[in-house]
Amino acid sequence: MVEHDLAKVGVASSNLVSRSIVLFFSLFLSFSFASTLYIEKQYCITEDTLKSSFFGLKDTNETIVITIPKDRSHYTVPSSQIINTFQDKNVTIIDSTEGIVTFKRHCNLSGKLQSIEAAFMEKIQTLSPWLIIEKKPLIMVKSTLPNDFERYRFESIALNENALKKNSGSFISLFSINNKPKKITFYYEMEAKLPVFKAKRNLQSGKILTYDDTEAVLVDINSIPSRAIVGEIPPSLMSKNHIKEGQILSDYLFETKKDLMKKETLKGFFSEGTMVIEVHVTLLEDANIGDVVKVKTEQGKVLRAEILSKHEAKILE
């Protein structure tokens, strides 16, 4: 009887151990499939249908997460749309986006991306030598590339100067195939700034601008006012109106001070035969050296004169 009871205890213990082993392996298998998924801000793709394994999920049951339209080379979706697909999975999601995920085709542009980037940077420096690019521009094709794009030869790009007033825009790339030209439009994004100038203090109307009146600052190109003075201050600027301290300086706030001002007196010379006659004349308008302007003699006669220097003028009539 005792032996029988001991046998029962042995069987019960064996069953308990078996159940523990099963539970252990169940938990082990469950945790073995648990993982951490990082949702990135941008992905390069070659396929239209993206399954769970594309995002790093190691699971035997593949799930379709998103389907990219075939005609879209640049496609964006809310990151929540992707995250919701994994809600019933035993995974931890880390969203490294800002709420938007971008999918791009042709990321390397059949090996031509580096050449296009270099040409883009060179063009930017030519059009805007003061531009400071803080990160390598992101360049994307706006439409579907030809199926035989690898056969195309990159030639050059065309970029409008006005396009450099924003951090994003488009440009045309010129390619050739079989000696025939082909234009393809590309889209770019970049982080760029320009050096502009702020007034250090209040500037009154008629103030001749000096570097001591200004402070150079770097400003994102999206935030720069229209016609802001960029890079360096032109010489002889004179304020048209009152300018407040801290105001970004734009060219429409100034006029260029000329070499000579209205009502200044000069020595005027004119010839009569072999004689050179000297008279004193008064400027009737502002003038630069080399300008032809109206002057008035001491007798009140108005004449035309060419400004030779800050002190002399040649009477023309």
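Residues that are of a type in the set (Val, Ile, Thr) and in contact with a Lys or Arg (Cβ under 8 Å, 6 or more places away or on another chain) were ranked within the range 213-242; the one that is farthest from Asn167 (Cα to Cα) is Thr214.
List pairs: first residue in the range 53-66 and within 10 Å of Thr85 (Cβ to Cβ), second residue among the charged types (D, E, K, R) and outside any loop (DSSP other than H, G, I, E, B) anywhere in the structure, Cβ distance under 6 angstrom, at least six positions apart or on different chains. Once the first residue is within 10 Å of Thr85 (Cβ to Cβ) and sits in the range 53-66, its partners that are among the charged types (D, E, K, R) and outside any loop (DSSP other than H, G, I, E, B) give Ile64/Lys51. If you go through the range 105-118 and pick out every residue that is hydrophobic (A, V, I, L, M, F, W, C) and either closer than 27 Å to Ala216 by Cα or without any contact (Cβ under 8 Å) to a residue 40 or more places away in the chain (or both), you end up with 2. Filtered by the rule that a residue be over 30 Å from Pro225 (Cβ atoms), surrounded by fewer than 13 Cβ atoms within 10 Å (Cβ to Cβ) and basic (Lys, Arg), the range 242-273 gives Lys262, Lys263.
Within the range 160-190, restricting attention to residues that are basic (Lys, Arg) and in contact (Cβ under 8 Å) with a residue 40 or more places away in the chain, the residue that is farthest from Ser143 (Cα to Cα) is Lys165. No other residue among Glu285, Glu255 is of a type in the set (Asp, Glu), closer than 30 Å to Ser205 by Cβ and not in a loop (DSSP other than H, G, I, E, B) apart from Glu255.
Of all residues in the range 191-211, those that are in contact (Cβ under 8 Å) with a residue 40 or more places away in the chain and assigned to a strand (DSSP E or B) have Cβ atoms under 8 Å from Cβ atoms of residues that are surrounded by 14 or more Cβ atoms within 10 Å (Cβ to Cβ) and among the acidic types (Asp, Glu), 6 or more apart or on another chain, in Phe197/Glu215; Lys198/Glu215; Ala199/Asp213; Ala199/Glu215; Leu203/Asp213. If you go through the range 51-62 and keep only what is within 22 Å of Arg105 (Cβ to Cβ), surrounded by fewer than 18 Cβ atoms within 10 Å (Cβ to Cβ) and not small (Gly, Ala, Ser), you end up with Lys51, Phe54, Glu62. Within the range 88-132, the set of residues being in a loop (DSSP other than H, G, I, E, B), under 17 Å from Lys193 (Cβ atoms) and polar (S, T, N, Q) comprises just one member, Ser128. For the range 133-153, taking the residues that are assigned to a loop (DSSP other than H, G, I, E, B) and without any contact (Cβ under 8 Å) to a residue 40 or more places away in the chain, the one that is nearest to Ala192 (Cα to Cα) is identified as Pro146.
The residues on offer are Lys89, Lys104, and the sole one that is surrounded by 12 or more Cβ atoms within 10 Å (Cβ to Cβ), touching a Cys at 6+ places or on another chain (Cβ under 8 Å) and either modelled with pLDDT under 85 or within 30 Å of Ser176 (Cβ to Cβ) (or both) is Lys104.
Taking the range 154-169 as the range and being over 17 Å from His106 (Cα atoms) and either part of a strand (DSSP E or B) or touching an Asp or Glu at 6+ places or on another chain (Cβ under 7 Å) (or both) as the test, the residues that pass are Glu155, Ser156, Ile157, Ala158, Asn167, Ser168, Gly169. Residues that are closer than 13 Å to Ser73 by Cβ and touching a Phe, Trp or Tyr at 6+ places or on another chain (Cβ under 8 Å) were ranked within the range 111-157; the one that is surrounded by the most Cβ atoms within 10 Å (Cβ to Cβ) is Val141. Checking Ile221, Ile233 one by one, the residue that is over 20 Å from the mean Cα position of the chain (by Cα) and surrounded by 14 or more Cβ atoms within 10 Å (Cβ to Cβ) is Ile233 and no other. Selection within the range 25-56: residues that are in contact with a strand residue (DSSP E or B) (Cβ under 7 Å, 6 or more places away or on another chain) and more than 29 Å from Ile139 (Cα to Cα). The member of this set that is modelled with the lowest pLDDT is Ala34.
The values are calculated or read from the model by the stated rules, or taken from the named source; none is laboratory data. Predicted model only: the values in this text are computed from it and were never measured. Counting neighbours? That spans all protein chains shown, and the Cβs are built from the backbone with ideal geometry, glycine included.
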